[in-house]
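Okay, structure first, notes after.
Quick note: the coordinates plus some simple rules give every number you see, no bench work behind them. Every value quoted in this text rests on a predicted model; they were computed, and no experiment measured them. Here Cβ is always computed from backbone atoms with ideal geometry, including for glycine, and neighbour counts include all displayed protein chains.
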Amino acid sequence: MSSAANAFDIKSASLDLLALILHTDNLEELTTALDARFGPAGDAPAEAFLLDVEGLPQAADTEYGRLLPMLSRHGIRVVALRHPETSMAEVASRYGLAYVRGVTPARSTQSSSESQNKPVEAPAVVAPPPGTMIVDRPVRAGQQIYARGCDLVVLAMVSAGAEVIADGNIHVYAPLRGRALAGARGNTAARIFVRSMEAELVSIAGVYRTIEQALPESIKGKPTQIQLENERLVMTALGE
């Protein structure tokens, strides 16, 4: 057998990617939102993302030639495009991206009386991912810690301008002054626990809240728990 026949193998692979779901293709608006979430664009280490453009009315007309480099400067390296219309495969190919066909929600054909009588199924709860990453030193401004597929425990301060991300829960046994994003891959059951609540931004499963105004005295600088309830972030003081 020739050496060329052994030059490579093809095997199945499973990759977990975060999805960036766009609600607008206005680049100025997106830049402002990304700066608020991740800080000004720079040379941030890039991580592979899937770009979901199903929510854009004119997805094929989006200025991907400007959008993709802008995302890359914020550490978001798009490797695939997701949209239910297969015509978007040509757009993805044009920019060297893989194409993933999205799923268009089916419309209900039931009458109102039928829908009232049919029991509503409870939404599935995503189990927290196993394992824990432990960080025992301060997370300084400009640093990002990501606990892929597990919980994150930080034993020192998370400074303003720093970011901690986990697919599971986040525990910060010190002041949280930066950003904390739990349930990064859609785990709506994830929670954030902090020893001293002073955060710039908190997020669970993509639902986030920036702390632009003074925190309520009930949680400011105090042990706090953040969780999702009815798609809304709820912050409550611990021990009360």
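Sorting check: for 175-182, 76-83, 64-71, which peptide has the highest mean count of neighbouring beta carbons within 10 Å, and how do the rest follow? All intermediate terms of the calculation are to be shown ahead of the outcome.
Working: 175-182: 25.0, 76-83: 19.6, 64-71: 15.9.
Ranking the peptides 175-182, 76-83, 64-71 by packing returns 175-182, 76-83, 64-71.
How big is the antiparallel share of DSSP beta bridges in the stretch 125-240, given as a percent to the nearest 5?
Numbers: 13 of 39 bridges.
Counting only bridges with both partners in the stretch 125-240, antiparallel ones make up about 35 percent.
Which whole-Hz ³J(HN,Hα) couplings does the stretch 219-236 yield from phi under the Karplus relation 6.51 cos²θ - 1.76 cosθ + 1.60, θ = phi - 60°, glycine and proline marked x?
With coefficients 6.51, -1.76 and 1.60, one gets 10, 4, x, 10, x, 9, 10, 10, 8, 9, 9, 6, 6, 9, 6, 10, 10, 10 Hz.
Near the amide H of Val135, under 5 Å away, which other amide H atoms are found, from residues 5 or more places off or on another chain, if H is placed in the peptide plane?
Val153, Val154, Leu155
Once amide H atoms are built 1.01 Å from N in the peptide plane, which residues 5 or more positions from Arg191, or in another chain, come under 5 Å H to H?
Asn169, Ile170
By the scheme Lys and Arg +1, Asp and Glu -1, what is the net charge of all other residues having a beta-carbon under 10 Å from that of Tyr146? Spell out each step's value before the answer.
On the way: positive: Arg148; negative: Glu47, Glu163, Asp167.
Spelling it out: positives minus negatives among the neighbours equals -2.
Could you order peptides 161-170, 185-194, 21-30, 140-149 by the average number of other Cβ atoms within 10 Å of their residues, highest first? Walk me through the numbers on the way to the answer.
On the way: 161-170: 24.1, 185-194: 20.3, 21-30: 13.6, 140-149: 16.4.
Sorting 161-170, 185-194, 21-30, 140-149 by mean packing, highest first, produces 161-170, 185-194, 140-149, 21-30.
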